[in-house]
Amino acid sequence: MASKLFIAEYERLTSLQFGNTQAQCPEEPPIATQVVDFSGGVAPSAAFNVRTRFVRLKADSACHFFFAAAPTATASHPYLAADETEYHGVDPVRDGVYKVSAIAKS
């Protein structure tokens, strides 16, 4: 089975009001999406869009991930469980080219 990391790139949050409850969520649609296949070992994404400010990560297999200009994820980097979703802030404008890489949890 292939191991894949699904990435959605967002520029803005939308604030929603429901009675006394306020929620913030990503403004849809995402400005870009990517799928990284890490079944053959560590694999990087393409560079994020220059407008991307945060990303949603979801993996179909447990993995470790790492953000950088030239990332190489290892077992010592943050862990993402299978079918878990996480959001992470990024700033390609400040940091230059930005990517994420993933490697299967061993």
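The values are calculated or read from the model by the stated rules, or taken from the named source; none is laboratory data. Please read all numbers here as calculations on a predicted model, not as lab measurements. Note that each Cβ is placed from the backbone with ideal geometry, even for glycine, and that neighbours are counted across all protein chains shown. Side chains are part of the model used for accessible areas, which takes the heavy atoms of the whole protein and leaves out ligands, DNA and RNA. Shrake-Rupley method; radii C 1.70, N 1.55, O 1.52, S 1.80 Å.
Of all the accessible heavy-atom surface of the chain, with the other protein chains kept in place and a 1.4 Å probe, what percent is carbon and sulfur?
On the way: 3150 of 5900 Å².
Carbon-and-sulfur percentage of accessible area, whole number: 53.
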Review point. Pulled fully out, how much extra length does the chain show between Val50 and Ala2, if you take 0.36 nm times their separation in residues and subtract their Cα-Cα distance?
Key: 14.4 nm
Review point. Taking square-rooted eigenvalues a ≥ b ≥ c of the alpha carbon gyration tensor, is region 1-62 rounded, prolate or oblate, where a/c under 1.5 means rounded and, failing that, a/b exceeding b/c means prolate?
Key: oblate
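State in Å² the accessible area per residue of region 1-105; use a 1.4 Å probe, count heavy atoms of protein chains only, and round to the nearest integer. Intermediate results must be reported in sequence, preceding the final value.
Values: 5760 Å² over 105 residues.
Solvent-accessible surface per residue comes out at 55 Å².
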Check your understanding: Using a cut-off of 16 Å between alpha-carbon atoms, which aspartates and glutamates can reach Lys105, once sequence neighbours fewer than 8 places away in the same chain are excluded?
Key -> Asp37, Asp60, Asp83, Glu84
Exercise for review: Measure off 7 Å from each Cα along the Cα-to-Cβ vector at Val93 and Glu11, then give the distance between these two points in nanometres to one decimal.
Suggested key: 1.0 nm
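Can you give the calculated 222 nm mean residue ellipticity of the chain, where each DSSP H run of n ≥ 4 adds -39,500 (n - 2.57) and the sum is split over every residue, rounded to the nearest 500 deg cm²/dmol?
Only helices count here, giving -500 deg cm²/dmol.
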Check your understanding: Which option, (i) 1.11; (ii) 1.58; (iii) 1.00, is the value of Cα Rg over 2.2 N^0.38 Å that was calculated from these coordinates?
Key -> (i)
Practice item. Grab the Cα-Cα distance for Val35 and Thr74, subtract it from 0.36 nm times how many residues apart they are, and report the gain in nm with one decimal. Key: 12.2 nm
Practice item. Springs between alpha-carbon atoms under 10 Å, Gaussian network over the chain: tell me which of Phe65, Phe18, Phe54 tops the mean-square fluctuations. Key: Phe18
